[in-house]
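*Asks:* Here's a structure for you.
The values are calculated or read from the model by the stated rules, or taken from the named source; none is laboratory data. Note that this is a predicted model, so its numbers are computed, not measured. Cβ placement follows ideal geometry from the backbone for every residue including glycine, while neighbour counts extend to all protein chains displayed. These accessible areas exclude ligands, DNA and RNA; they are computed on the full protein's heavy atoms, side chains included. Shrake-Rupley method; radii C 1.70, N 1.55, O 1.52, S 1.80 Å.
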Amino acid sequence: MEIIKDLPEVFQEFAEQRRNSFLAVKKIKEEGIPVVGAYCTYFPQEIAMAAGAATVGLCSTSDETIGEAEKDLPRNLCPLIKSSYGFAKTDKCPFFYFSDVVVGETTCDGKKKMYEYMSEFKDVFLMELPNTQGEEALKLWKSEVIRFKEYLEEKFQTEITEEKLREAVKLQNAVRRSMKSLYQVMKHDPAPVKGYDLFKVLYGSTFKFNKEVIPAEMEAIAKKIEEEYAAGKMEEKRPRILITGCPIGGATEKVIAAVEDNGGIVTAFENCTGAKTYDRLVDEDAEDIYQAIAERYLSVGCSVMAPNPNRFELLGRMIEEYKIDGVVEMTLSACHTYNLETRKVRKFVTEEKHIPYMSVETDYSREDIGQLNTRIAAFLEML
Amino acid sequence: MYFTGIDIGSTCAKLAVMDEEKRLILKHVQPTGWSSVDTAASIYDRMKSRGIDLEESVCVATGYGRISVPYADKTVTEITCHGKGAVWIHDCKTGMVIDIGGQDTKVIRLENGQVKDFVMNDKCSAGTGRFLEVMANSMALSPDQLCALAASGGGVTISSMCTVFAESEVISLIGRGEKRENIAYAVAESIVNKVVSLASRLSTGEGPVCLTGGLCECDYIRKILGEKLRCGVIASPEGRYAGAIGAALTAAEYGMRKRGK
Ligand code: SF4
Ligand code: SF4
């Protein structure tokens, strides 16, 4: 595949992808394709894909409906949960509206309780995700993956054959590989493009329903970036920042902007919008494909796991590979697991990797943009 | 050639001017008021009237209103400036700086004259000058008077961290007829506890603790801060100007670098 458009145009298109997909989801429904909505990286997409369904991420990213949500939920709750619930309840999110079923996992306490309330007005399939990653946990998680498969078969009156599932695994792996090949362009120093532009593609691509086209498209964008880089087009040399922590998107993009407006460049995202979602593949050749899927998903290094070694493995690897000068962690206010884990991340980054670390706690409002800029600018001045 | 530093904070704006030998030749403080732009303009006039020609100087602005200084050559955050200012004032290159500002409280770890790490309070105003101001207001005192009174009080605590709730606690204490010095004591405790918990997020290191910002001349705050941190806390009347002094020093570096080119 050849990219004919200029990169800035491509980035802009991806920035608008989420909104453009509002129409696409309606069309899909009209064609009779079922839609499965999900909120989390632990959601085993391949199962839904093998059932012939389209999948879509439902995490809400604006504070528009938080007021509405606070009628049912406590105020001091993570904004991602409040906003997601608010959009669901007020029917303001077309993806939610068109989802035949919403899949939740027992990740953090706030989310799992929220799903209880959500199920009062929507079909919610709650998967029991263990909080540990040992053998017993894997057994439970595998049985949950199979229970989900059986649920979808029943719900959509279809059969998820081994063949379809393996096909889905191959396709999803191809997507993962291509996303990785794209974000790996940031290993170059100086970086070839702005981290914010890369982010637009990472985030926007999750709202493409036609997954088959993603691998070729990502590889083409990566190729174009590489070619332009070879021809001398690149960003100025600036402190290279890795962003870690809670998922970023919409309102919280202010953190990426704060880094890049104040003289840094984001070269890596160790979060659910970035590497956490794409780093590991499912073993395509495994004899027991359910086992392989369960293993892959259970190994996601999110702070809801205790302990959470895989996060540190990935973080450490990325700090090296992307020649990171400083780590910025973004946590959402009232996200206990990530906020608690900041202490360990700080220690790991400063004492084992010997680079500076800062954490910022924020929410979906714009009130703190001034302070956010000051803090991040000061952090960059320190580097 | 002059090096000028302007620190536009949420409550007060500070000016520090240095000569080529990095001697402090002028310092000035005024309330920020409603508009940082107007404040910046009035500081400009002030410098002019003192014979400081801005054509002949390098100017760095800092503080939350730093973007409102049209004649600044450069802006730098208050973290970096407070760090530099403290190094200059106390001639200490390694240590901790605690700045209790109007809206923000920051704790900075210095190593070899450089900012190594820092923390700032989150959105809420507990542990800031603003908190003190609100409480002092509700007791019909000035912040300085409150601090002075606190030294002779004791026995009362304010449990709420939120300024709004804490204020109603103070009002109900007044209503109950609690002695003013005891309430003042509780207010000071509350601020210092919050600052100490902020400081504990930074790894402990060597060197003294320097108190800068508007409360640096308040002996009582300095004393209990030292008790709670279990170390000596140093302060100087110039601490109020630490941000502006740091900005002037940055201007000097910047000016030298430009000239070197
Ligand atoms: S941060 Fe954790 S809980 Fe949130 S989407 Fe990612 S994996 Fe799921
Ligand atoms: S950000 Fe934290 S609190 Fe919010 S949904 Fe994710 S894990 Fe839960």
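*Asks:* Assess whether B:Glu178 counts as being of a type outside the set (Phe, Trp, Tyr), open to solvent by 20 Å² or more (accessible area, probe 1.4 Å) and in a loop (DSSP other than H, G, I, E, B).
*Replies:* Against the criterion (of a type outside the set (Phe, Trp, Tyr), open to solvent by 20 Å² or more (accessible area, probe 1.4 Å) and in a loop (DSSP other than H, G, I, E, B)), B:Glu178 qualifies.
*Asks:* Still on this model: What number of residues within segment A:135-167 are in contact with a Lys or Arg (Cβ under 9 Å, 6 or more places away or on another chain) and assigned to a helix (DSSP H, G or I)?
*Replies:* 1
*Asks:* Of the numbered conditions (1) among the acidic types (Asp, Glu); (2) buried (at least 19 other Cβ atoms within 10 Å of the Cβ); (3) within 16 Å of ligand 2 (Cβ to nearest atom), A:Glu253 satisfies every one except a single condition; which is it?
*Replies:* A:Glu253 satisfies all of (1) among the acidic types (Asp, Glu); (2) buried (at least 19 other Cβ atoms within 10 Å of the Cβ); (3) within 16 Å of ligand 2 (Cβ to nearest atom) except (2).
*Asks:* Then there's this: Can you give me the number of residues within segment B:121-142 that are within 14 Å of chain A (Cβ to nearest Cβ), of a type outside the set (S, T, N, Q) and touching a residue at least 60 places away in the same chain (Cβ under 8 Å)?
*Replies:* 1
*Asks:* Could you list, in sequence order, all residues of segment A:65-91 that are more than 16 Å from ligand 1 (Cβ to nearest atom) and within 14 Å of chain B (Cβ to nearest Cβ)?
*Replies:* A:Arg75, A:Asn76
*Asks:* Still on this structure, I have one more. For the subset of segment A:352-372 comprising residues that are at the interface with chain B (Cβ under 9 Å from one of its Cβ atoms) and over 23 Å from A:Ser83 (Cβ atoms), which member is farthest from the chain's Cα centre (by Cα)?
*Replies:* Filtering segment A:352-372 for residues that are at the interface with chain B (Cβ under 9 Å from one of its Cβ atoms) and over 23 Å from A:Ser83 (Cβ atoms), the one farthest from the chain's Cα centre (by Cα) comes out as A:Pro356.
*Asks:* Hey, among the residues in segment A:105-134 that are part of a loop (DSSP other than H, G, I, E, B) and more than 16 Å from ligand 1 (Cβ to nearest atom), which one's farthest from A:Cys59 (Cα to Cα)?
*Replies:* The qualifying residue farthest from A:Cys59 (Cα to Cα) is A:Gly134.
*Asks:* Restricting the first residue to segment B:196-211 and requiring it to be more than 14 Å from every other protein chain (Cβ to nearest Cβ), which pairs with a second residue that is surrounded by 14 or more Cβ atoms within 10 Å (Cβ to Cβ) and basic (Lys, Arg) meet a Cβ separation below 8 Å and a spacing of at least six or different chains?
*Replies:* Between residues of segment B:196-211 that are more than 14 Å from every other protein chain (Cβ to nearest Cβ) and residues that are surrounded by 14 or more Cβ atoms within 10 Å (Cβ to Cβ) and basic (Lys, Arg), the close pairs are B:Val196/B:Lys228; B:Leu211/B:Arg222.
*Asks:* Here's another thing I want to ask about it. Taking the conditions exactly as written (open to solvent by 40 Å² or more (accessible area, probe 1.4 Å), of a type in the set (S, T, N, Q) and more than 16 Å from ligand 1 (Cβ to nearest atom)), does A:Ser99 satisfy them or not?
*Replies:* no
*Asks:* Could you tell me which of the residues A:Pro94, A:Pro44, A:Pro8 is within 16 Å of ligand 1 (Cβ to nearest atom) and away from chain B (no Cβ under 14 Å)?
*Replies:* Just one listed residue meets the conditions, A:Pro44.
*Asks:* Here's another thing I want to ask about it. How about segment A:116-125: which of its residues are in contact (Cβ under 8 Å) with a residue 12 or more places away in the chain and either surrounded by 17 or more Cβ atoms within 10 Å (Cβ to Cβ) or away from ligand 2 (no atom under 16 Å from the Cβ) (or both)?
*Replies:* Hits for segment A:116-125 are A:Met118, A:Phe121, A:Lys122, A:Asp123, A:Val124, A:Phe125.
*Asks:* Are there any strands (runs of 3 or more DSSP E) wholly within segment B:1-105 with 1 or more residues that are surrounded by 22 or more Cβ atoms within 10 Å (Cβ to Cβ), and if so which?
*Replies:* Once the strands (runs of 3 or more DSSP E) in segment B:1-105 are filtered for at least 1 residues that are surrounded by 22 or more Cβ atoms within 10 Å (Cβ to Cβ), what remains is B:2-8, B:12-18, B:57-62, B:95-100.
*Asks:* With within 14 Å of another protein chain (Cβ to nearest Cβ), over 17 Å from A:Cys59 (Cβ atoms) and away from ligand 2 (no atom under 16 Å from the Cβ) as the only criterion, which of A:Val259, A:Val266 stands out?
*Replies:* A:Val259
*Asks:* B:Leu132: within 17 Å of B:Leu225 (Cβ to Cβ) and touching a Pro at 6+ places or on another chain (Cβ under 8 Å), yes or no?
*Replies:* It is true that B:Leu132 is within 17 Å of B:Leu225 (Cβ to Cβ) and touching a Pro at 6+ places or on another chain (Cβ under 8 Å).
*Asks:* Tell me which residues, restricted to segment A:23-67, are more than 28 Å from A:Pro79 (Cα to Cα) and touching a residue at least 24 places away in the same chain (Cβ under 8 Å).
*Replies:* Within segment A:23-67, A:Ile28, A:Lys29, A:Pro34, A:Glu46, A:Ile47, A:Met49, A:Ala50, A:Ala51, A:Gly52, A:Ala53 meet the criteria.
Conditions (1) open to solvent by less than 60 Å² (accessible area, probe 1.4 Å); (2) within 14 Å of chain A (Cβ to nearest Cβ); (3) of a type in the set (Gly, Ala, Ser); (4) not in a loop (DSSP other than H, G, I, E, B), marked per residue:
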{"site": "B:Asp144", "(1), (2), (3), (4)": "no, no, no, yes"}
{"site": "B:Cys147", "(1), (2), (3), (4)": "yes, no, no, yes"}
{"site": "B:Val156", "(1), (2), (3), (4)": "yes, no, no, no"}
{"site": "B:Ser159", "(1), (2), (3), (4)": "no, no, yes, no"}
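*Asks:* Let me ask another. Can you spot a residue in segment B:109-117 that is more than 12 Å from every other protein chain (Cβ to nearest Cβ), among the hydrophobic types (A, V, I, L, M, F, W, C) and touching a helix residue (DSSP H, G or I) at 6+ places or on another chain (Cβ under 6 Å)?
*Replies:* no
*Asks:* Looking at A:Ser303, A:Ser299, A:Ser365, which one is within 12 Å of ligand 1 (Cβ to nearest atom) and surrounded by fewer than 18 Cβ atoms within 10 Å (Cβ to Cβ)?
*Replies:* On inspection, the qualifying residue turns out to be A:Ser299.
*Asks:* Next question. How many residues does segment A:50-72 hold that are in a loop (DSSP other than H, G, I, E, B), surrounded by 22 or more Cβ atoms within 10 Å (Cβ to Cβ) and out of contact with any Gly (no Cβ under 8 Å at 6 or more places or on another chain)?
*Replies:* Count: 2.
*Asks:* Restricting segment B:200-222 to residues that are at pLDDT 90 or above and part of a helix (DSSP H, G or I), which is least open to solvent (accessible area, probe 1.4 Å)?
*Replies:* My answer is B:Ile221.
*Asks:* For segment A:324-349, enumerate the residues that are more than 15 Å from ligand 2 (Cβ to nearest atom) and either aliphatic (A, V, I, L, M) or crowded, with 17+ Cβ neighbours inside 10 Å (or both).
*Replies:* Across segment A:324-349, the qualifying residues are A:Ile324, A:Asp325, A:Gly326, A:Val327, A:Val328, A:Arg346, A:Phe348, A:Val349.
*Asks:* Let me ask something additional. Taking the criterion of being at positive phi and out of contact with any helix residue (DSSP H, G or I) (no Cβ under 9 Å at 6 or more places or on another chain), would at least one residue in segment B:83-100 satisfy it?
*Replies:* Yes, because at least one residue in segment B:83-100 is at positive phi and out of contact with any helix residue (DSSP H, G or I) (no Cβ under 9 Å at 6 or more places or on another chain).
*Asks:* Check off (1) at pLDDT below 95; (2) away from ligand 1 (no atom under 14 Å from the Cβ); (3) in a loop (DSSP other than H, G, I, E, B) for A:Leu281 and give me the number that stays unchecked.
*Replies:* The number of the failed condition is (1).
*Asks:* Starting from residues that are among the aliphatic types (A, V, I, L, M) and open to solvent by less than 10 Å² (accessible area, probe 1.4 Å), keep the ones in segment A:73-94 and report whichever is farthest from ligand 2 (Cβ to nearest atom).
*Replies:* A:Ala88
*Asks:* Going by the structure shown, is A:Asp109 touching a residue at least 60 places away in the same chain (Cβ under 8 Å) and either within 16 Å of ligand 2 (Cβ to nearest atom) or not basic (Lys, Arg) (or both)?
*Replies:* yes
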